[in-house]
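The values are calculated or read from the model by the stated rules, or taken from the named source; none is laboratory data. The structure presented is a predicted model; accordingly, all values stated were derived computationally and were not measured. No Cβ is skipped: glycine too gets one built from the backbone with ideal geometry, and neighbour counts run over all protein chains shown. For accessibility, only protein heavy atoms count, side chains too; no ligands or nucleic acids. Shrake-Rupley method; radii C 1.70, N 1.55, O 1.52, S 1.80 Å.
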Amino acid sequence: QLHLVESGGGSVQAGGSLILSCSAQMSRFERYTFHWVRQAPGEERDWVASIHRNGMIRYSDLVNGRFTISRDNTKNMVYLQMMSLKPEDTAVYYCGAQDGGAPDWGQGTQVTVSS
């Protein structure tokens, strides 16, 4: 059974930083590709970043250069370091794990950026 728990969200002012964490309770963590997506009120979920099991990383153009995704295969943890935050980054952020099929998602953590 796969279980993902996000943490680290909060309220910051524009220009601030946050680090989101995703704790993944699963076996064979290293087999999975992990994603971060976000959903603002009244909006659809938007993809933010992914880190493949082989270490390859991709970012949305909206966050490229400001956000950094990483993983620690020894701790079953995935991180999203967010810098230079903007009010439009306000959303619930979800961590997802994928191994060939559809991703499984956590419950999300709220990030609020005030101007």
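Brief remarks follow.
- Filter result for S21 (within 18 Å of L2 (Cα to Cα), polar (S, T, N, Q) and in contact with a strand residue (DSSP E or B) (Cβ under 8 Å, 6 or more places away or on another chain)): yes
- Across the stretch 53-67, the number of residues qualifying as in contact (Cβ under 8 Å) with a residue 12 or more places away in the chain, open to solvent by less than 90 Å² (accessible area, probe 1.4 Å) and either in contact with a Phe, Trp or Tyr (Cβ under 8 Å, 6 or more places away or on another chain) or acidic (D, E) (or both) comes to 2.
- Residue identified as more than 16 Å from T109 (Cα to Cα), free of Cβ contacts under 8 Å to residues at least 40 places away in the same chain and open to solvent by 20 Å² or more (accessible area, probe 1.4 Å) among S84, S50, S70: S70
- Flag if V111 is in contact with a Lys or Arg (Cβ under 7 Å, 6 or more places away or on another chain), under 17 Å from G9 (Cα atoms) and not in a loop (DSSP other than H, G, I, E, B): no
- Restricting attention to the stretch 87-115 and to residues that are among the β-branched types (V, I, T) and farther than 14 Å from V37 by Cα, the residue that is least open to solvent (accessible area, probe 1.4 Å) turns out to be V113.
- One residue alone among S84, S70 is at pLDDT 95 or above, assigned to a strand (DSSP E or B) and either touching an Asp or Glu at 6+ places or on another chain (Cβ under 6 Å) or closer than 20 Å to S17 by Cα (or both), and that residue is S70.
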